[in-house]
1. Counting only residues 5 or more places away or on other chains, whose amide H sits under 5 Å from the amide H of LEU21 once H atoms are built in the peptide plane?
2. Express in Å², to the nearest 10, the accessible area of THR16 obtained by rolling a 1.4 Å probe over the protein heavy atoms while all chains stay in place.
3. If the reach is capped at under 13 angstrom between alpha carbons, list the aspartates and glutamates near LYS57, excluding any in the same chain fewer than eight residues apart.
4. Suppose the chain between ILE38 and TYR50 were pulled fully straight at 0.36 nm per residue; how much longer would it get relative to their current alpha carbon spacing?
5. Could you list, bin by bin from short to long, the percent of Cα-Cα pairs of segment 1-72 in 10 Å steps?
6. Return the single residue from ALA18, ALA74, ALA54 with maximal mean-square fluctuation; model: Gaussian network over the chain, springs between Cα atoms under 10 Å.
7. Kindly sort HIS30, HIS6 by accessible area of their heavy atoms, largest first, with the probe set to 1.4 Å.
8. Order LYS44, LYS59, LYS95, LYS104 by their accessible area, 1.4 angstrom probe, all chains in place, largest first.
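The values are calculated or read from the model by the stated rules, or taken from the named source; none is laboratory data. Please read these numbers as outputs of a predicted model, since none were measured by experiment. Side chains included, ligands, DNA and RNA excluded: accessible areas come from the protein's heavy atoms. Shrake-Rupley method; radii C 1.70, N 1.55, O 1.52, S 1.80 Å.
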Amino acid sequence: MNLSQHDWTSQLAADTNAVILDVRTEDECHEGIIPNSINIDIYKGQGFIYEVDALDKTKNYYVYCRAGSRSAQACSIMNQMGFEHTYNLDGGFMKWQGEVAFPKE
């Protein structure tokens, strides 16, 4: 499900079962991340599938990438793998207006 930034952040704030998933590359993450997100690069191909498969399918996943298309693809893959609640950040990190953190080296 695609959500506007406003809907994504307000739903996330009220969700006690939420996980924020960043599907960008490691280099892109150096530009900043949404705080408390975990990074699994969708470009890892089968590696992405393995890492996602290890995640808790009972959680609600708020997924983002740089512009929104890779995260939409990730949501679709996750739904096929049995994840029931995935939310794509429409417009991605490029349009993010919220708090930004920087990953520790």
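1. ILE38, TYR62, VAL63, TYR64
2. Here the accessible area works out near 140 Å².
3. Qualifying aspartates and glutamates at Cα under 13 Å: GLU84.
4. Gain on extension, ILE38 to TYR50, equals 2.8 nm.
5. 18, 54, 27, 1
6. Checking each option, the largest mean-square fluctuation is seen for ALA54.
7. Ranked list, largest accessible area first: HIS6, HIS30.
8. The ordering from most to least exposed comes out as LYS104, LYS95, LYS44, LYS59.
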